[in-house]
Ligand code: UDP
């Protein structure tokens, strides 16, 4: 039996293909929802026809990463016995909690999306989370050659690292194909964009990162106020209070600005398929946009996902108001936009989960 631990939307997107691939190989898989973002995790799993097998209720009122971790580790450790391996994904507090619990329980740990590093100033707390998980993991599924190299540079033995591609691309290509073939699904996914004026360029914005809370977010919101004059802005608002409140205070009621609740995964993929340009600090969106040929501006000072910069699909723009306004307007006036809209697959070709499941069965047996 394999135990997969996750708590946030991106973990659901990137673990779902692995759950399906392991089950397709006859493995018994249990998914634990930590409750970090319970509603988003549940809804996102449901888009893949999955439900969590265990849903923890210990995070009510937990605000800081320290509180979340302190509550999760003992409960998760109690779930570990009897499992051949534990799988965590990415860099969240839930993933670190699962990794620590597996380590204390003596159960082998598998890290999906291993080896991402900024190599520069460290985004808090994600870089610390994924580096610590990298210390604890027995098997590292690295999405790209750069991730493999980062693990080698940290002394991780080569036989523990497998380059797989990112399972988020499996999820994306699967959903993209479904949206093109299932008219009812596409109609439901299109509904949140019903109020958008399709004659104007569509800027799709997401932001949630802790490193941008406060001053960074305020500067971005000032840029969106200026930009809303010439385009439609669609912004599914992350439910974190440090994001939700300032966004509504700055933008609610402004013409051309569509503040939406977090979109279900099919609706968000649909929105990416319709958008002219994405402006984001999301890791997942940085990976998904190149695959869809959606130009993406990254509102960060560093990124652990340099591959999309190298292919020309992504550009770093930071969070400074003037820089964002200039970059968005420059691109919409034609400068470089079509080159950035050339679809590429630097993060994987859509077969990552099958590779991961094959390796897990080989190393741990058909659990
Ligand atoms: N996403 C979604 N609905 C939204 C915004 C994003 O389903 O309203 C998806 C997106 O396609 C990607 C993932 O959620 O797969 C990214 O999540 P997030 O930006 O919260 O986390 P990060 O990738 O930065 O860790």
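Step by step: first the residues of region 196-215, then only those that are within 16 Å of the ligand (Cβ to nearest atom) and part of a loop (DSSP other than H, G, I, E, B), then the one that is nearest to residue 298 (Cα to Cα). Which residue is that?
As a first pass, look at region 196-215 and keep what is within 16 Å of the ligand (Cβ to nearest atom): 196, 202-213.
Narrowing the set further to residues that are part of a loop (DSSP other than H, G, I, E, B) leaves 196, 207-209, 213.
Details: 196: 23, 207: 10, 208: 12, 209: 12, 213: 15 Å.
Per the stated criteria, the residue is 207.
Identify the single condition in (1) under 14 Å from residue 304 (Cβ atoms); (2) within 22 Å of the chain's Cα centre (by Cα) that residue 154 does not satisfy, given that it satisfies every other one.
So residue 154 meets the others, but not (2).
Kindly establish whether residue 294 is within 16 Å of the ligand (Cβ to nearest atom), in contact with a strand residue (DSSP E or B) (Cβ under 6 Å, 6 or more places away or on another chain), under 26 Å from residue 112 (Cα atoms) and part of a loop (DSSP other than H, G, I, E, B).
Details: within 16 Å of the ligand (Cβ to nearest atom): yes; in contact with a strand residue (DSSP E or B) (Cβ under 6 Å, 6 or more places away or on another chain): yes; under 26 Å from residue 112 (Cα atoms): yes; part of a loop (DSSP other than H, G, I, E, B): yes.
So residue 294 passes the test.
Any idea which residue in region 35-54 is surrounded by the most Cβ atoms within 10 Å (Cβ to Cβ), counting only those that are away from the ligand (no atom under 15 Å from the Cβ) and either closer than 22 Å to residue 70 by Cβ or modelled with pLDDT under 95 (or both)?
At the first step, the residues of region 35-54 found to be away from the ligand (no atom under 15 Å from the Cβ) are 35, 49, 51-54.
In the following step, the residues that additionally are either closer than 22 Å to residue 70 by Cβ or modelled with pLDDT under 95 (or both) were identified as 35, 52, 54.
Values: 35: 23, 52: 21, 54: 14.
The residue in question is 35.
Residues to consider are 218, 229; find the one that is in a loop (DSSP other than H, G, I, E, B), surrounded by fewer than 22 Cβ atoms within 10 Å (Cβ to Cβ) and more than 12 Å from the ligand (Cβ to nearest atom). Talk me through it step by step, then tell me what you get.
Details: 218 fails: in a loop (DSSP other than H, G, I, E, B).
Step by step, each of 218, 229 is checked, and only 229 is in a loop (DSSP other than H, G, I, E, B), surrounded by fewer than 22 Cβ atoms within 10 Å (Cβ to Cβ) and more than 12 Å from the ligand (Cβ to nearest atom).
Tally the residues that are assigned to a loop (DSSP other than H, G, I, E, B) and either buried (at least 20 other Cβ atoms within 10 Å of the Cβ) or within 14 Å of the ligand (Cβ to nearest atom) (or both), restricting the search to region 242-273. Quick ask: steps written out before the conclusion?
Start the filter on region 242-273 by keeping residues that are assigned to a loop (DSSP other than H, G, I, E, B), which leaves 252-256, 261-264.
Filter again for either buried (at least 20 other Cβ atoms within 10 Å of the Cβ) or within 14 Å of the ligand (Cβ to nearest atom) (or both), leaving 261-264.
Residues in region 242-273 being assigned to a loop (DSSP other than H, G, I, E, B) and either buried (at least 20 other Cβ atoms within 10 Å of the Cβ) or within 14 Å of the ligand (Cβ to nearest atom) (or both): 4 in total.
Here is a yes/no grid of residues against (1) surrounded by fewer than 20 Cβ atoms within 10 Å (Cβ to Cβ); (2) farther than 18 Å from residue 59 by Cβ:
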{"residue": "87", "(1), (2)": "no, yes"}
{"residue": "92", "(1), (2)": "no, no"}
{"residue": "95", "(1), (2)": "no, no"}
{"residue": "99", "(1), (2)": "no, no"}
{"residue": "106", "(1), (2)": "yes, yes"}
{"residue": "110", "(1), (2)": "no, yes"}
{"residue": "116", "(1), (2)": "no, yes"}
{"residue": "120", "(1), (2)": "yes, yes"}
{"residue": "128", "(1), (2)": "yes, yes"}
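Quick test for you: out of 350, 308, 284, pick the one residue that is within 16 Å of the ligand (Cβ to nearest atom), in a loop (DSSP other than H, G, I, E, B), within 16 Å of the chain's Cα centre (by Cα) and within 26 Å of residue 141 (Cβ to Cβ).
Numbers: 308 fails: in a loop (DSSP other than H, G, I, E, B); 284 fails: in a loop (DSSP other than H, G, I, E, B).
Sole residue among the options that is within 16 Å of the ligand (Cβ to nearest atom), in a loop (DSSP other than H, G, I, E, B), within 16 Å of the chain's Cα centre (by Cα) and within 26 Å of residue 141 (Cβ to Cβ): 350.
Taking only region 104-113 into account, find how many residues are closer than 23 Å to residue 147 by Cα and either without any contact (Cβ under 8 Å) to a residue 24 or more places away in the chain or out of contact with any helix residue (DSSP H, G or I) (no Cβ under 6 Å at 6 or more places or on another chain) (or both).
Within region 104-113, the first condition is being closer than 23 Å to residue 147 by Cα, and the residues that meet it are 108-113.
Those left that are additionally either without any contact (Cβ under 8 Å) to a residue 24 or more places away in the chain or out of contact with any helix residue (DSSP H, G or I) (no Cβ under 6 Å at 6 or more places or on another chain) (or both): 108, 110, 112-113.
Selection size over region 104-113: 4.
Within region 226-250, which residues are within 19 Å of residue 276 (Cβ to Cβ) and at pLDDT 95 or above?
226, 227, 228, 231, 232, 233, 234, 235, 236
The values are calculated or read from the model by the stated rules, or taken from the named source; none is laboratory data. A quick note: this is a predicted structure, and the numbers were derived from the prediction, not measured. Glycine also receives a Cβ, built like all others from the backbone with ideal geometry; neighbour counts cover every protein chain displayed.
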